[in-house]
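The values are calculated or read from the model by the stated rules, or taken from the named source; none is laboratory data. The shown structure was predicted, so the numbers you read here are calculated from the model rather than taken from an experiment. Glycine gets a Cβ as well: all are built from the backbone with ideal geometry, and neighbour counts include every protein chain shown. In case anyone asks, the SASA skips ligands and DNA or RNA and just uses the protein heavy atoms, side chains included. Shrake-Rupley method; radii C 1.70, N 1.55, O 1.52, S 1.80 Å.
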Amino acid sequence: LWLRSNLLTEFNPPIALPSPIIELDLSNNKLTKFNPSIPLPINTRIIKLVDNLINSTGWVDSEPWANNLHTTTNGVLQYGGNISSPIGTNFESILTSKGWTFSAY
């Protein structure tokens with residue numbers, strides 16, 4: 001599901017996304033956090049949050065989503081081009097403990 005370059009300020013779909021979604025591309029929007037209240041499909045393996053407006057507070061605000069994420073998802077989160085990096089944050093620790101890796105691009 002590619003939603004890049006749409007000037008989105010938040011991503012919180014009102015209904016569950018279909019389960020065949022493997023990649024969620026939210027690059028080049030105006031997101032300040034990533035905390036959807038409905039879980040993403042369990043087979044989502046790539047989340048692109050590149051070139052948004054996420055700062056250190058935004059990564060903290062994204063922790064509830066990370067905490068609720070299924071423990072065996074093993075995905076990649078791309079984060080480059082935000083105001084600050086998730087590297088070294090509790091958000092990174094939570095996702096890393098669930099098998100996720102981080103990529104600047």
To the nearest 500 deg cm²/dmol, what mean residue ellipticity at 222 nm is calculated for the chain from DSSP H runs of n ≥ 4 alone, each contributing -39,500 (n - 2.57), summed and divided by the residues? -4500 deg cm²/dmol
Between SER103 and SER84, how many nm apart are label points set 7 Å from Cα along the C-beta direction? 2.5
Taking protein heavy atoms only, a 1.4 Å probe, and rounding to whole percent, the accessible area of the chain owed to carbon and sulfur comes out at 56
About its Cα centre, the chain carries a charge dipole, from +1 on Lys and Arg Cβ atoms and -1 on Asp and Glu Cβ atoms, whose size in debye to the nearest 20 is 100
Rg to Rh ratio, the chain, alpha-carbon atoms and Kirkwood radius? 0.91
Please list 3J(HN,Hα) in residue order for segment 91-101, calculated via the Karplus relation 6.51 cos²θ - 1.76 cosθ + 1.60 where θ = phi - 60°; whole Hz, with x for glycine and proline. 4, 4, 4, 4, 5, 4, 5, 9, x, 7, 10
With the 1.4 Å probe rolled over protein heavy atoms, the chain has an accessible area per residue in Å² of 52
Relative contact order of the chain, pairs being alpha-carbon contacts under 8 Å that are 6 or more residues apart, as %: 24
